[in-house]
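None of the figures in this text is laboratory data; all of them are computed from the coordinates on show. All values derive from a computational prediction rather than experimental measurement. Here the Cβ positions follow ideal geometry from the backbone for every residue, glycine too, while neighbour counts run over all protein chains shown.
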């Protein structure tokens, strides 16, 4: 049931039961697998919408679909993280801001910038590598969350993210990494490894920054890291294609 629990948590798909905290902790290993499912959905939508709509409109609808499939879970975490980063505050004050149901200026600005970069980047992805990009983007971003959960301390003694932290161990991280490596290699061979490595570097920097600001990572930070990883994959693809570095394939 671990995979179904992960699928139910990371997407809006209805599941027959609600897992408890301990069961949620064991779903972390399946995060990249859920990413594969999301990638396949994006591929299907890209093909179907591309039959009747221009590419620019298809791309914006893919971004909307990506937000919708996850129930805006990761985007909400990114917005809350942006709100928490604003100003000169203690970690406890930042936590309090992230718990506020109202979205602040920093969150709105962050969301607008994030979605704008995603849209422009997706528009710049050449058609021959679009399939690989749409698969790698959700898989690598979900793996990035697994890395952050495993590698960094959790900031609080409560919260949903704590269940994931307690369930993550070295074996789970290695397994999730191997799944992700298999996907990126099949999708784009050597260039897939380059994209994953580049994304990992950015995730390390972002996670270290969040850790300093929030005295550890929170569930919202995990969502923010997922969103940043998606952007990194898109930007890395654009970087490689624009500079004609795809000979690495």
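Any idea how far the Cα center of the range 134-171 sits from the one of the range 182-249, in Å?
Centre-to-centre distance over Cα atoms comes out at 15 Å.
Divide, for the range 2-248, the radius of gyration over alpha carbons by 2.2 N^0.38 Å, where N is the residue count. Show your work: numbers first, answer last.
Values: Rg = 17.4 Å, N = 247, 2.2 N^0.38 = 17.9 Å.
Cα-based Rg divided by the globular estimate yields 0.97.
Tell me the Rg and the Dmax, in Å, that the Cα atoms of the range 22-146 produce.
Spelled out, the Cα radius of gyration and Dmax of the range 22-146 are 16.6, 52 Å.
Can you sort 5, 220 from fewest to most other Cβ atoms within 10 Å of each residue's own Cβ?
5, 220
Using only C-alpha atoms and all pairs of different ones, pull out the Kirkwood radius for the range 147-191 in Å with one decimal.
Its Kirkwood hydrodynamic radius stands at 12.0 Å.
Note down the nm distance, to one decimal, between modelled labels 7 Å out along Cα→Cβ at residue 109 and at residue 57.
Result: 3.4 nm between the two label points.
If I take every Cα pair under 8 Å that is 6 or more residues apart in the chain, average their sequence separation and divide by the length, what percent do I get for the relative contact order?
So the answer I get is 29 percent.
Using the alpha-carbon atoms, what tilt in degrees (0 to 90, nearest 10) does helix 219-242 show relative to the longest principal axis of the chain?
20
Go through 87-93, 111-117, 139-145, 77-83 and give me the packing order, highest mean Cβ count within 10 Å leading.
Descending mean neighbour count gives 139-145, 77-83, 111-117, 87-93.
How much length is gained on full extension from residue 157 to residue 3, taking 0.36 nm per residue of separation minus their Cα-Cα distance?
Additional length available on full extension: 52.8 nm.
What share of Cα pairs, in percent, lie more than 23 angstrom apart in the range 107-249?
36
So what's the back-of-envelope 222 nm ellipticity for the chain, counting only DSSP H runs of four-plus at -39500 (n - 2.57) apiece and dividing by all residues, rounded to 500?
Calculated mean residue ellipticity at 222 nm is -25500 deg cm²/dmol.
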